[in-house]
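These notes are about the structure you will find just below.
The values are calculated or read from the model by the stated rules, or taken from the named source; none is laboratory data. Bear in mind the structure is a predicted one, so any value in this text is a computation, not a measurement. Cβ placement follows ideal geometry from the backbone for every residue including glycine, while neighbour counts extend to all protein chains displayed. Areas reflect the complete protein model, heavy atoms only, side chains present, ligands, DNA and RNA absent. Shrake-Rupley method; radii C 1.70, N 1.55, O 1.52, S 1.80 Å.
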Amino acid sequence: MASHPAPFNLFNLSRKKAQHLFHKAYAAQREANFHQAITLYQASIDCYPTAEAHTFLGWAYSFTGDLDAAIESCHEAIMIDPNLGNPYNDIGAYMIAQGRYEEAFDYLQHALSVPRYLASHYAHFNLGRVYESRGDMVGAYRHYKQALEVDPTYEIAVFALERIKSQILSQDRSKKHSCQTSA
């Protein structure tokens, strides 16, 4: 019986090339070469599309100010893997940057409900921002606190929590003062 060579696996080759391009894109992004990163992420996606590559492509677009393209890239990521939380959070963050707080809310909530999301402190922080935009300081406080429970080193959440605490205390003092003067 003659032995046949193993078939050439184009699938694995494409996947390895995509991973290589993804790592090059991420390196370019870390060096603030956002347009180069975008080109490399797109090349990676052309070889082997992944939810992660689309999400990172969106992130690179966000650094160029193209939030609509960033949101679209995250929607592409969700189509590939609806269980990955990062694109939901990122869409929410980009919508917040556009002043679309209410539209962001459902995406951020969804980010917290999917099984593949290891950075939930971002979604909690962004939900805190939505609650704060609504004037709901207790809701904002709750989510900033949850962000810090997940990652106690998340500095921006520390500052947001302190700001909200001070606003809540100020509101409480104002209520006490107005109750005392009206009595």
Output the number of residues of segment 8-36 satisfying the condition of being crowded, with 18+ Cβ neighbours inside 10 Å and without any contact (Cβ under 8 Å) to a residue 24 or more places away in the chain.
1
Would you mind stating whether Asn83 is closer than 19 Å to Tyr117 by Cα, open to solvent by less than 50 Å² (accessible area, probe 1.4 Å) and either at pLDDT 95 or above or β-branched (Val, Ile, Thr) (or both)?
no
For segment 116-149, give me each residue that is open to solvent by 30 Å² or more (accessible area, probe 1.4 Å) and under 15 Å from the mean Cα position of the chain (by Cα).
Arg116, Leu118, Tyr122, Arg129
Please go through segment 94-109 and pick out each residue that is surrounded by fewer than 24 Cβ atoms within 10 Å (Cβ to Cβ) and touching a residue at least 24 places away in the same chain (Cβ under 8 Å).
Met95, Ile96, Ala97, Gln98, Tyr101, Glu102, Phe105
Give the residues of segment 45-80 that are in contact with a Pro (Cβ under 7 Å, 6 or more places away or on another chain) and open to solvent by 60 Å² or more (accessible area, probe 1.4 Å), sorted by residue number.
Ile80
